[in-house]
Amino acid sequence: MDEQKIYKPDNLSGNKNEFTELITLQEASNWASKLTNKEVTLPNITYLIQYGLIKKHNNGNGITLVSRNELREYYNSRLYKRQVNWKKKLGNDINWHLSFENVKEAETTKHVHRLHPYKGKFIPQLVEYFLDENVDEFKTNAYFHPGDIILDPFCGSGTTLVQANELGINALGIDISSFNSLISNIKVGDVDLNNLNFQIKRINKVINKYVFETGILKFDQKLLMELNKFNQKYFPSPDFKYKAKRGEIDVEAYGKKHETIFLKTYNQLVQAFRIEFYNGNTDSFLGKWYIKPILNEINLVLEEIEKTDDPETKNILRVILSRTIRSCRATTHSDLVTLKEPMVTTYFCAKHGKICKPLFTILQKWLLYSSDTVKRFVAFNQVKTATKQICITGDSRKIDIVEEIEKINLNFAKSIRNNKIKGIFTSPPYVGLIDYHEQHAYAYELFGFQRKDDLEIGPLQKGRSKQAQENYIQGISEVLVNCKKYLQSGYDVFLVANDKNNLYPKIADNSGMTIVNEFKRPVLNRSERDKSAYAESIFHLREKNHGYKSK
């Protein structure tokens, strides 16, 4: 069969036999890069093996080989077939260029963008596309320019602010969540790296000493050793995952059986090391989702953070701790995004295809994330501009922007008053999708931040009923009406939303605006496990009755 008919586009030439031979990982990396017109690294190929997506072969001399034919089938399914199938489901008007399919994860999570997990954020490349006047050949209009001021009234974790800084654009963010504002401001703020490194090293010594003295690390290491032996015997990687992917194993029954078998070893170790898991308080979030050893370490690190004199450094350390403890909740690896039930024993992990364990100490995660945070600030400093970005905490429906900014930065407030804001780029909350305060419940409880759940627009807890949609329309409209007071004449507003209920034409009309364009993009990489076809629109709005034609 002709290869060109199987895969489009295909940049390779050659005979049919080249797709059946076994090749090394480096050869696979080079071959896949040519096939996809995108850099495919060795770790990318290794990932496919580890998760059973392609089979691992051995040439007898310890060299790992893979089938070129399997690689072709994988990329054919993932790239070309996905594009065709998604367009069938989502419509031919979808703009695949805005999927940013060829952008590596290292770029979508570059520098400070991955300082802390956040559900519902967009990738920086999407912001960059509409903010950067020279972003690429596909873009025909320049909406914003260096020196402009833009506004994000649903700032979230600050993606718009960070990208505005990179591009030399001033930016203001507003968010109802004080924790979101904290994340955003430390990303774009000035960092004393010397003091940050000093404080991290100081805290590292304290937590290392404490973990050694409690004996929890010895228990954890012994458990991990027993787990490795057990998994190598009953869940050999990557063969088990490969067979599981192809339905050759009843994964659920096999996993449950061996989960029960290993629990005997687990319970013996718990008794031998006299580990106490329950803290006696399940009424609070921290009490329910953190075992006693973890909670003790969290409180210890928090005490050390509070000894830090510099407010900016203290806030950064708080975010590192928050990122750390998010990964240390007593839950399975599959349920980190949406918590179900606390897990304090070893268990069969469907995600990793083996018996996994909860975390019993925050030490490794704290060391990892504190080091990673410093590296990300260093990387951002290399591209950072001397422009101004601030996120203020408040209700975008009624906040007096100039008055609030004057409390923080008089010069920036004066610039907003005199020059006004060029436009908006934001992603409003979606109807009934996320409870924004609840996703960081551990941080609010630990740091004592005030929660304002009742002021969220379209939260998950209020559902997607007709009334919820009407309330949503009113809330977003009020935000746009309030923000318009601070915009220049001839403004551009970009709203990123999945509008399956067709609410945004009404929102635009209520706000005295017109939708002049809609850019529909596929969302390929979602944090949820749902990988079904999914799209969102970027609505371009301008002032009504100014000669602009609605889409």
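The values are calculated or read from the model by the stated rules, or taken from the named source; none is laboratory data. What you see is a predicted model, and the numbers here were worked out from it, not measured in a lab. Quick reminder, even Gly has a Cβ in these numbers, built from the backbone with ideal geometry, and neighbours come from all protein chains shown. Accessible surface is based on the protein model in full, side chains and every heavy atom, while ligands, DNA and RNA are left aside. Shrake-Rupley method; radii C 1.70, N 1.55, O 1.52, S 1.80 Å.
Tally up the carbon and sulfur contribution to the accessible surface of the chain as a whole percent, 1.4 Å probe, everything protein left in place.
Values: 12480 of 26390 Å².
C and S atoms contribute 47 percent here.
Which of the residue pairs 110/241; 34/520; 119/422; 351/520; 119/354; 314/375 have a Cα-Cα distance greater than 20 Å in the structure shown?
Details: 110/241 30 Å; 34/520 28 Å; 119/422 28 Å; 351/520 31 Å; 119/354 27 Å; 314/375 17 Å.
Among 110/241; 34/520; 119/422; 351/520; 119/354; 314/375, the Cα-Cα distance tops 20 Å for 110/241; 34/520; 119/422; 351/520; 119/354.
In square nanometres, what is one fourth of the surface area of the convex hull spanned by the alpha carbons of the range 37-109?
On the way: hull surface 25.0 nm².
Taking a quarter of the hull surface, the average projection is 6.2 nm².
Please report, in cubic angstrom per residue, the volume enclosed by the convex hull of the alpha-carbon atoms of the range 342-499. Numbers along the way, then the final one.
Values: hull volume 32.8 nm³, N = 158.
Expressed per residue, the convex hull around the Cα atoms of the range 342-499 is 208 Å³.
Given the chain, what percent of its DSSP beta bridges are antiparallel, to the nearest 5? Spell out each step's value before the answer.
Numbers: 22 of 38 bridges.
The antiparallel fraction comes to roughly 60 percent.
Consider all pairwise Cα distances in the chain and report the whole-number % of them above 41 Å. Present the calculation step by step, with values, prior to reporting the outcome.
Values: 47201 of 151525 pairs.
Result: 31 percent of Cα pairs exceed 41 Å.
Counting only helical runs of four or more DSSP H residues, what would the 222 nm mean residue ellipticity of the chain come to if each run contributes -39,500 (n - 2.57) and the total is spread over all its residues? It would help to have the intermediate numbers written out before the result.
On the way: 22 runs with 247 residues, N = 551.
After summing the helix terms and dividing by residue count, I get -13500 deg cm²/dmol.
Give me the one-decimal nm value for the distance between modelled label points at residue 265 and residue 206, 7 Å along each residue's Cα-to-Cβ direction.
3.7
Specify the inter-centroid distance of the range 83-136 and the range 442-500, based on alpha-carbon positions, in whole Å.
22
Past 30 Å, Cα to Cα: identify those pairs from 388/506; 340/484; 384/420; 56/209; 38/121, in the order given.
Long pairs (Cα-Cα over 30 Å): 388/506; 340/484; 56/209.
Ignoring ligands, DNA and RNA, how do 343, 225 rank by accessible area with a 1.4 Å probe, largest first? Spell out each step's value before the answer.
Numbers: 343 45, 225 90 Å².
Largest to smallest exposure gives the sequence 225, 343.
How much length, in nm to one decimal, is gained on full extension between residue 350 and residue 334, taken as 0.36 nm per residue of separation minus their Cα-Cα distance?
Numbers: separation 16, 0.36 × 16 = 5.76 nm, distance 0.73 nm.
Contour length minus the Cα-Cα distance gives 5.0 nm.
Decide, for the range 236-388, between rounded, prolate and oblate: order the square roots of the alpha carbon gyration tensor eigenvalues as a ≥ b ≥ c, take rounded if a/c falls under 1.5, and otherwise choose prolate if a/b is larger than b/c, else oblate.
Details: a/c = 2.78, a/b = 1.52, b/c = 1.83.
Taking the square roots of the gyration eigenvalues as a ≥ b ≥ c, the range 236-388 is oblate.
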